[in-house]
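Below is one structure; the comments refer to it alone.
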Amino acid sequence: MEEEVFQVHHRHVILTIDEGLRVVFLKHRELLKVFMDEGARLVKEYFEKKHKVTPGIIVGLHTFGSKMNFNPHLHMLVTMGGMKNNGEWKTYDFIPFEMLRKQWQTIVLKLIRRMLSEEEKKKIQPLLQKVLCQWRRLLCVCPKTKREHQGAIGVYWPFVTVKYL
Ligand SMILES: [Zn+2]
């Protein structure tokens, strides 16, 4: 088995939404699957465009925060490298968190606008405006130490075995 898998570095990326938008997702649970797909797409497309590789991504959707409040967010385990078209593995060591953060904000707002009816959009328009002005809580996290990383893996992906290099 060990010969068949790549031993690669990875990052733990967390994508959240503004607190004000939680109510929208609470009412429209059907958005959560698309929310998850869009998170994976964001990271995948970045690496496809920038590095011409397909990264490895495992996404976990959490709908509740640590205070047991409704707080949908994504935990993503992202390889620091990807597969080239010719099957070779290419390593990289940087994820542009700030850029992805801004793109994620746009994606979430577009997702809401796309999925809701005209009537509902009208109703929540003031909320969307407010959110745009205050959205600071969206987060990408890169645990700094091996210990932080291992802790995160145990909590969010208990079924994943990761070898540290
Ligand atoms: Zn979580």
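Where a number appears in this text, it was derived from the coordinates with a stated rule and is not lab data. Everything numeric in this text was worked out from a predicted model, so none of it was measured. Using ideal geometry, Cβ is built from the backbone for each residue, glycine included, and neighbour counts are taken over all protein chains shown.
Observations, loosely collected:
- Treating r as the C-beta distance of Arg29 and Lys102 and R0 as 25 Å, the FRET efficiency rounds to 0.40.
- Residue-wise HN-Hα coupling along segment 50-58, computed from phi with Karplus coefficients 6.51, -1.76, 1.60 (Hz; x: Gly, Pro): 6, 10, 6, 9, 9, x, x, 9, 10
- If R0 equals 22 Å, the separation of the Cβ atoms of Lys90 and Asp37 corresponds to a calculated FRET efficiency of about 0.35.
- With distances taken between every two different alpha-carbon atoms, segment 2-150 has a Kirkwood hydrodynamic radius of 16.6 Å.
- Segment Leu127-Lys110, length gained on full extension (0.36 nm per residue, minus Cα span): 4.7 nm
- In this structure, the amide hydrogen of His9, modeled 1.01 Å from its nitrogen in the peptide plane, lies closer than 5 angstrom to those of Met80, counting only residues at least 5 positions away or on a different chain.
- Radius 9 Å from Cβ of His51, net charge of other residues (Lys, Arg +1; Asp, Glu -1): +4
- Whole-Hz Karplus values for segment 91-101 come out as 9, 9, 10, 9, 10, x, 4, 5, 5, 5, 4 Hz, taken residue by residue from phi with 6.51 cos²θ - 1.76 cosθ + 1.60 and θ = phi - 60°; glycine and proline positions read x.
- Here the peptides 8-21, 111-124, 84-97 are ranked by packing, the mean other Cβ count within 10 Å, and the order with the highest first is 8-21, 111-124, 84-97.
- Contour excess over end-to-end distance, with Cα ends at Phe70 and Ser117 and 0.36 nm allotted per residue: 14.6 nm
- Gly56 long-range amide H proximity, modeled H, under 5 Å: Thr79, Gly81
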